[in-house]
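Presented below is the structure to which this report refers.
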There are 2 protein chains.
Amino acid sequence: MEEKQGAGPSVETIPDGDNRPRRICPDCGYIEYHNPKIIVGAVCAWEGRILLCQRAIAPSQGLWTIPAGFLELGETTAQGAAREVWEEAEARVDIGELLGVYEIPHISQVNMIYRARMLSAACAPGIESEAVRLVTWEEIPWGQLAFPSVRWSLERFRDQGAARVYAAAPMAPLTPR
Amino acid sequence: MEEKQGAGPSVETIPDGDNRPRRICPDCGYIEYHNPKIIVGAVCAWEGRILLCQRAIAPSQGLWTIPAGFLELGETTAQGAAREVWEEAEARVDIGELLGVYEIPHISQVNMIYRARMLSAACAPGIESEAVRLVTWEEIPWGQLAFPSVRWSLERFRDQGAARVYAAAPMAPLTPR
């Protein structure tokens, strides 16, 4: 099917009532907003061991990480974290409390990292992982972690023990407006 | 300056290694990702009163809200919350603890709401506000709040008193990779 193809958001200007330049389509007025993205992930535990994935892709290929990735449209952050655990480590988990929020403003990322309980020891590398391992605290390859946020997440997991820090907000009744 | 104008991200397909359709530019391979957006806001207090804004724009024009809006590129969530307070209510604040995360997955929004202390009673309507008010708890117009997240935020503010629930993550040393 052939459709009329407009110029798309190709003109950079500050829209009325705004204070930052955005790209606007000169044909239809569509405004393209770029905003920070949310990474969701989890420190997943099974009988005192922690689930780590060896990255099969850039950046930090070959280094170790907790399962984490971009939140997708329509998901809650807990659903997204569970999906990432499945996609990267083929493990099923119950997502627990939010361990913390790790911000990386210079790349416009907000990481929301959960504590999770594995439903069994089953795990296997997903398409973005070369290998997955369940390791004790002593076996964590501290010198080969993929990102500073991985160490931060693991240390928060350790330090907070079973203390309740934060639980994801219960949904309010949704009354579409 | 005239530039070569490609088709832009106009073809919907599932990229290699992905599992969701994205829009891709057939000329350059650019992949356009749409992801959930972060709303940052704050319950701002001054001497026992709370700062509310009457919305001058849709949605919920004429109803009352706490200052909140989309996080912009390059900001921390606390910086974004302080910016929104300034833009909507022309008040200066110290951003405190994260009161909570309120998720609205059906519109792909994650609200991160902070507790904030106003530096003075000074406030005035910004461009998106018809009016701003500093109200006591009893004066809050519960029947005229703009969104369910506003009530939720106010109630979390009240219920948590001065308890420390969550502090935004200190930045780890940033080592560009």
For residue A:90, inter-copy label-point distances (7 Å, Cα→Cβ), nm, shortest first, read 6.1
Shortest first and in nm, the label-point separations between residue B:127 and its counterparts in the other identical copies (7 Å out along Cα→Cβ) come to 4.2
Defining the label point at 7 Å along Cα→Cβ, can you sort the distances from residue A:57 to the same site in each other copy, shortest first, in nm? 3.5
How large is ³J(HN,Hα) for each residue in segment A:153-158, as worked out from phi by the Karplus curve 6.51 cos²θ - 1.76 cosθ + 1.60 (θ = phi - 60°), to whole Hz, x for Gly and Pro? 5, 5, 5, 5, 4, 5
From the backbone phi of segment A:59-64, what are the Karplus-calculated ³J(HN,Hα) couplings (6.51 cos²θ - 1.76 cosθ + 1.60, θ = phi - 60°) in whole Hz, Gly and Pro given as x? x, 6, 4, x, 8, 9
In terms of modelled amide H atoms, which long-range or inter-chain residues lie less than 5 Å from the amide H of residue B:131? B:54
Assuming R0 = 25 Å, can you tell me the calculated FRET efficiency for the pair residue B:22 and residue A:56, based on Cβ-Cβ distance, to the nearest 0.05? 0.80
Rounded to the nearest 20 debye, dipole of the protein assembly as shown from Cβ charges on Lys, Arg, Asp, Glu: 920
Delta accessible area of at least 30 Å² on complex formation, residues of segment B:8-25, 1.4 Å probe, chain isolated as reference: B:17, B:19, B:20
Provide the percentage of antiparallel DSSP beta bridges, counting only those with both residues in chain A; round to the nearest 5. 75
Carbon/sulfur accessible area of the protein assembly as shown, % of total, 1.4 Å probe, equals 53
Kirkwood-based Rg over Rh for chain B (C-alpha set), two decimals? 1.08
From the backbone phi of segment A:41-55, what are the Karplus-calculated ³J(HN,Hα) couplings (6.51 cos²θ - 1.76 cosθ + 1.60, θ = phi - 60°) in whole Hz, Gly and Pro given as x? x, 8, 8, 9, 10, 9, 6, x, 9, 10, 8, 10, 10, 8, 5
Chain pair B, A: how much accessible area is buried, both chains summed, with a 1.4 Å probe, in Å² to 100? 4400
Taking only Cα atoms, what is the 0 to 90° angle, nearest 10, from helix B:77-89's long axis to the longest principal axis of chain B? 60
With the 1.4 Å probe rolled over protein heavy atoms, the protein assembly as shown has an accessible area per residue in Å² of 50
Where does the protein assembly as shown land at 222 nm, in deg cm²/dmol rounded to the nearest 500, when only DSSP H runs of n ≥ 4 count, each adding -39500 (n - 2.57), divided by all residues? -4500 deg cm²/dmol
If you place +1 on the Cβ of every Lys and Arg, -1 on the Cβ of every Asp and Glu, and leave all else neutral, what size is the dipole of segment B:10-154 about its Cα centre, to the nearest 20 Debye? 300
Probe 1.4 Å, all protein chains in place: accessible area of residue A:86 in Å², nearest 10? 100
If contacts are Cα pairs under 8 angstrom and at least 6 residues apart, what is the relative contact order of segment A:37-160 in percent? 34
Would you please give the FRET efficiency between residue B:131 and residue B:31, computed as 1/(1 + (r/R0)^6) with r the Cβ-Cβ distance and R0 = 56 Å, to the nearest 0.05? 0.80
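The values are calculated or read from the model by the stated rules, or taken from the named source; none is laboratory data. Everything numeric here is computed off the predicted structure, so don't read it as measured data. So basically every Cβ, Gly included, is an ideal-geometry build from the backbone, and we count neighbours across all protein chains shown. Surface areas here come from the heavy atoms of the whole protein model, side chains and all, with no ligands, DNA or RNA. Shrake-Rupley method; radii C 1.70, N 1.55, O 1.52, S 1.80 Å.
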